[in-house]
Amino acid sequence: MTNTFLSQLVDLLGNDVVQTEAAEIEPWLSDWRGVYKGQAQALVRPLTTQQVSDCLRLCNEHKVPVVPRGGNTGLCGGATPDGSSANVILSLDRMNTVRSIDTIANTLVADAGCILGNLRRAAHEADRLLPLSLAAEDSSQIGGNIATNAGGVNVLRYGMARELVLGIEAVLPNGDIYNGLQTLRKDNTGYDLKQLLIGSEGTLGVITGVALRLHAPMHVRSVVLAAVDSPKQALELLRLVFGACGPRLQAFEFFTDECLDLVLAHVDGVQLPFDQRHPAYVLIELADTANEEALQTLLEDVIGRALEQELCQDAAVSASMAQLQALWRLREEISEAQRSDGPHLKHDISLPIERIPEFIDSAELRLRTVANDCRLFIFGHFGDGNLHYNVSRPLHAEKTWAHEWEERIADLVFAEVASYGGSISAEHGIGQLKRRSFHEHKDPLQIRLMEQIKKVFDPNGIMNPGKLL
Ligand code: FAD
Ligand code: ZN
């Protein structure tokens with residue numbers, strides 16, 4: 001049966017598109033962190049939407065599971081196949097053309113396999129801004145970004161990926177092509193079906209094309225790194241900065257001194273711009289279309305007030321693009337530094353912003369009662385109420401520690417998140433990592449509706465089994 005399927009697949013798409021050798025498939029079987037590993041009988045790398053459609057139609061006929069694959073930077077194991085050797089990995093990497101950029105309508109239409117960083121550069125060359133930005137932007141693909149409803153560092157001003165999507169082209173599991181690649185700003189004709197595909201993590205279909213909203217280019221940027229004595233101080237700083245800077249506030253990122261330690265230990269050429277260390281740091285970026293001097297003055301003025309009102313301990317304002325990038329590296333290299341440090345437990349959580357300080361205190365208290373000497377690395381998109389609340393093994397423990405403690409610690413952290421009215425996934429999604437906790441914490445009515453929607457799109461259940469639902 002499987003062999004018939006494979007030979008039909010090769011006949012349909014050719015040897016160039018379908019790879020079946022174990023050695024060719026091997027590098028595609030694990031995730032970015034090296035936590036998950038699966039099996040697959042074939043790797044399919046189509047060049048066109050029609051080829052995606054042909055592939056899915058055949059897989060559906062044979063009930064062969066399909067795992068859509070973007071840039072593989074997802075942090076929940078969503079793009080990694082499960083243990084079944086029947087899986088087909090469908091990679092969009094060769095569908096990477098920018099189809100059009102319109103600087104009157106301010107839209108960009110592209111293949112789903114385009115690397116996010118390349119799209120940001122294409123928009124920049126057209127004197128426009130694609131504001132979706134994350135540390136993995138030079139590997140992740142726009143299709144993957146939309147399938148996970150990615151967040152990143154500019155959500156505060158521009159919203160999540162969802163808010164940038166005007167249209168989607170996708171292939172449904174039965175091979176039908178959903179032609180929703182429109183760039184209209186307004187369209188109130190019934191249910192907005194693209195919203196179901198955004199954040200669906202490859203469980204409803206394969207996104208093959210996207211139409212995105214562009215924004216005015218931010219020609220001037222200014223960054224300050226502020227040292228704070230506590231999350232409470234960071235909160236008060238946010239109140240002040242937002243009030244003074246409004247829409248110019250592009251990012252408000254937070255990290256603790258423990259995160260900084262890790263970056264200094266594992267990343268070359270980074271430096272703290274202060275004489276002494278502080279409990280935590282906030283990186284604030286302001287951006288505008290023009291008038292560098294006014295922006296710099298605004299930032300210096302607001303930071304001056306923050307120092308006066310004791311809302312921060314110290315501050316370093318960037319005076320050049322090189323300094324701005326150096327400050328950003330302190331924040332953006334944390335994930336890489338954690339990867340070098342070894343296996344750790346990631347909790348990408350969302351909280352009511354004003355309760356973050358309280359949560360940080362109470363969650364640590366609870367955590368220490370069960371795993372007293374674990375190491376905590378807390379950082380993230382503070383201005384969005386999104387923390388990356390990561391827990392690592394005690395220094396003396398074996399690297400298997402994370403695996404052994406994974407469930408107990410996740411249960412504890414997520415119970416605490418729930419008690420604050422938060423969410424167990426802010427921006428990374430569910431994948432296979434959070435499936436159990438998702439079913440535990442999500443309202444059963446909402447799960448039931450999701451299962452019914454899944455059946456409408458994918459009655460044979462071939463799309464990304466073992467993920468999300
Ligand atoms: P993949 O990892 O390949 O896939 C992710 C999921 O989407 C899988 O379920 C897959 O099946 C599905 N999928 C992929 N492509 C398609 C498609 N074309 N059609 C249908 N389904 C598809 N995320 C954030 O939100 N904010 C951050 O700030 C952030 N920072 C990160 C920093 C680092 C260093 C790393 C490694 C990751 C970070 N991430 C962040 C996570 C990750 O980059 C995002 O989840 C990203 O959107 C995944 O895109 P991808 O192309 O790599 O998708
Ligand atoms: Zn993040």
### Message
Quick check on the range 334-378: what are the equivalent-ellipsoid semi-axes from the Cα gyration tensor, as sqrt(5λ), descending, whole Å?
### Response
21, 16, 7
### Message
Given an 8 Å cut-off on Cα distances and at least 6 residues of separation, report the relative contact order of the chain as a percent.
### Response
16
### Query
When the Kirkwood radius is taken over all Cα pairs of the range 98-201, what Stokes-Einstein diffusion coefficient follows at 20 °C and 1.002 mPa s, in µm²/s?
151
### Task
Classify the range 279-368 as rounded, prolate or oblate, taking a ≥ b ≥ c as the square roots of the eigenvalues of its Cα gyration tensor: rounded when a/c is under 1.5, otherwise prolate if a/b is larger than b/c and oblate if not.
oblate
#### Entry: Largest-first principal axis extents of the Cα set of the range 343-425 (Å)
36, 22, 17
### Query
Carbon and sulfur: what percent of the range 291-356's accessible surface (1.4 Å probe)?
45
### Query
Given only helices, namely DSSP H runs of n ≥ 4 each adding -39500 (n - 2.57), what is the per-residue ellipticity at 222 nm of the chain, to the nearest 500 deg cm²/dmol?
-11000 deg cm²/dmol
### Query
Can you give the convex hull volume per residue for the Cα atoms of the range 409-469, as a whole number of Å³?
85
### Task
Straight distance only, please: which lysines reach the Cα of K194 with their own Cα at less than 16 Å, same-chain residues fewer than 8 apart left out?
K186, K454
## Note on the structure
In degrees rounded to 10, the 0-90 angle between helix 356-370 Cα long axis and the longest Cα principal axis of the chain is 70
### Message
Give me the percent of accessible area attributable to carbon and sulfur for the range 122-278, probe 1.4 angstrom.
### Response
48
### Proportion of all alpha-carbon pairs of the chain beyond 43 Å (%)
15
### Query
Ratio of Rg to Rh for the range 19-89, alpha carbon only, Kirkwood?
0.96
#### Entry: ³J(HN,Hα), Karplus 6.51/-1.76/1.60, whole Hz, each residue of the range 140-146, x for Gly, Pro
6, 9, 4, x, x, 4, 7
### Task
Order the following by accessible area, largest value first: D301, D314. Probe radius 1.4 Å; ligands, DNA and RNA are ignored.
D301, D314
### Message
Within the range 1-67, what whole-number % of the accessible surface is contributed by carbon and sulfur, with the 1.4 Å probe and all protein chains included in the calculation?
### Response
48
### Message
Before I look further, what does the chain give for accessible area per residue, probe 1.4 Å, in whole square angstrom?
### Response
43
### Task
Please give the contour-minus-distance gain from N291 to F242: 0.36 nm per residue of separation, less the Cα-Cα distance, rounded to one decimal in nm.
15.7 nm
### Message
Through the Karplus equation 6.51 cos²θ - 1.76 cosθ + 1.60, θ set to phi - 60°, convert the phi angles of the range 24-39 into ³J(HN,Hα) values in whole Hz; use x for Gly and Pro.
### Response
6, 7, 2, x, 9, 8, 10, 8, 4, 7, x, 8, 10, 9, x, 10
#### Entry: From the C-alpha gyration tensor of the range 202-327, square roots of 5λ in Å
27, 21, 16
### Message
Based on the alpha carbons, how large is the Rg to Rh ratio for the range 27-165 when Rh follows Kirkwood?
### Response
1.00
### Query
How large is Rg over Rh for the range 147-186, taking Rg from the Cα atoms and Rh as the Kirkwood inverse mean of 1/r across Cα pairs?
1.09
### Query
How large is ³J(HN,Hα) for each residue in the range 85-98, as worked out from phi by the Karplus curve 6.51 cos²θ - 1.76 cosθ + 1.60 (θ = phi - 60°), to whole Hz, x for Gly and Pro?
7, 7, 4, 10, 8, 10, 9, 8, 4, 8, 9, 9, 9, 7
### Query
Once you charge only the Cβ atoms, +1 for Lys and Arg and -1 for Asp and Glu, what is the size of the charge dipole of the chain about its Cα centre, to the nearest 20 debye?
1160
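The values are calculated or read from the model by the stated rules, or taken from the named source; none is laboratory data. Just so it is clear, the structure is predicted and the values come from calculations on it, not from any experiment. Cβ coordinates were reconstructed from backbone atoms using ideal geometry, including for glycine residues, and neighbour counts include every protein chain displayed. Accessible surface areas use protein heavy atoms only, side chains included; no ligands, DNA or RNA. Shrake-Rupley method; radii C 1.70, N 1.55, O 1.52, S 1.80 Å.
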